[in-house]
Amino acid sequence: MTRNEKPHQTRHVFGPVPSRRLGISLGVDIIPFKTCSLDCLYCECGRTTLRTIERQSFFPPRRVLDELQAILPGIPHLDFITFSGSGEPTLNSDLGWLIGGIRGLSTAPIAVLTNGTLLSRADVRRELLGADVVLPSLDAALAAGFARINQPAPGLDVGCIVAGMEAFRREYAGKIWLEVFILKGVNDGEADIAALGAALCRIRPDKVQLNTLDRPPAYPGVESADFALLESVRRNWSGLPVEIIKRAGRREEIPAFSSNLENSLLNTIRRRPLTIDDLRTLTGKSEEDLRRYLEVLETEKKVKPVIEGGRIFYTSV
């Protein structure tokens with residue numbers, strides 16, 4: 001897709017979009033809005049309208065593959081085809097069939113974004129074995145914290161969910177990138193963090209991605225965790241492969257902020273679009289540092305990411 005082209009949008013397929021976690025990602029949405037097993041306080045999609053743990057076939061699965069088959073020839077490069085969107089994809093009982101069908105249409109890696117609540121089921125774990133990367137979430141390992149932040153459907157037990165993730169790790173040869181969402185005053189207590197850390201050590205994900213609120217949440221009154229709190233959590237989990245993926249929305253959130261570096265980035269991007277790798281070479285700064293500056297500039301609508309020639313470039317607005 002070139003700089004002047006718009007992302008595709010059909011009933012079930014959207015994008016490709018530049019994703020911080022997955023690069024150039026084509027989304028596949030196979031769940032009716034907003035059907036989920038959780039009603040998380042922070043969800044950017046809004047409050048859950050159907051909270052359930054019952055799997056079913058929501059749409060004719062052939063329709064999804066037909067949409068993909070029509071769209072894929074016009075996309076020169078994808079880092080991932082990603083099951084995501086407005087609900088919990090493992091609730092769709094056609095998930096395994098769809099993963100197999102996509103394999104016949106594209107060589108792009110397949111990712112599944114899931115809240116992980118159904119990994120206690122052997123059929124769900126078996127269907128996910130066909131994906132290249134599974135990105136579950138786990139925001140609490142204690143029952144009280146799980147109830148507070150995730151508001152689960154009846155029948156869900158966080159101990160069983162953690163056990164399901166452990167079982168999936170034993171069975172699955174692909175990558176597991178596990179996201180933990182921290183909210184100030186909700187799941188950031190000492191006992192909460194210690195229990196989460198112990199659970200993560202048992203699950204053994206390839207990455208632990210720490211995140212917090214940076215968009216309007218489903219419920220009012222919840223507060224984002226600042227970088228200092230996330231850094232403290234990362235230190236507590238020093239034996240785990242933890243990275244912070246929280247977006248920086250304000251300069252005050254950037255450690256040792258440099259206005260000279262910000263101006264240099266902006267002036268350079270105004271001359272020509274550049275990738276993160278280009279900017280790393282020019283500045284000698286890490287990708288994590290550069291993303292924080294770029295995220296502030298994105299918030300202020302001074303730069304934006306675009307997809308061109310199979311890469312993500314930052315260009316001036």
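None of the figures in this text is laboratory data; all of them are computed from the coordinates on show. Nothing here was measured: the structure is a model prediction, and the numbers come from that model. Note that we place each Cβ from the backbone using ideal geometry, even for glycine, and neighbour counts take in every protein chain shown.
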Between the range 53-99 and the range 268-310, the Cα center-to-center distance that results, in Å:
31
From the phi angles alone, apply the Karplus equation (6.51, -1.76, 1.60; θ = phi - 60°) to the range 18-31 and give each ³J(HN,Hα) in whole Hz, x where the residue is Gly or Pro.
x, 10, 5, 8, 10, x, 8, 10, 9, x, 10, 10, 10, 10
Rank Ile276, Ile182, Ile149 by mean-square fluctuation in a GNM of the chain with C-alpha springs under 10 angstrom and give only the top-ranked residue.
Ile276
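Relative to the Cα centre, what is the charge dipole magnitude of the range 198-317, using +1 at the beta carbon of each Lys and Arg, -1 at the beta carbon of each Asp and Glu, and rounding to the nearest 20 debye?
On the way: 21 positive and 18 negative charges, 43 e Å.
Computed about the Cα centre, the dipole is about 200 debye.
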For the chain, set up a Gaussian network in which alpha carbons nearer than 10 Å are linked by springs, and say which option among Tyr42, Tyr219, Tyr172 fluctuates the most.
Tyr219
Whole angstrom only: what separates the Cα centroid of the range 102-155 from the Cα centroid of the range 157-202?
12
Computed over the chain, the ratio Rg/Rh where both radii use C-alpha atoms and Rh is Kirkwood
0.96
Given the alpha-carbon gyration tensor of the range 259-316, what are the semi-axes of its equivalent ellipsoid in whole angstrom, ordered largest first, with each equal to the square root of 5 times an eigenvalue?
15, 13, 11
Suppose each label sits 7 Å from its Cα in the direction of the beta carbon; what would the Glu171-Arg47 distance come out to in nanometres?
3.5
Choice from Glu287, Glu166, Glu127 with maximal GNM fluctuation in the chain (Cα, 10 Å cutoff)
Glu287
Using amide H atoms built 1.01 Å from N in the peptide plane, name the residues 5+ places from Arg20, or on other chains, whose amide H lies under 5 Å from its own.
none
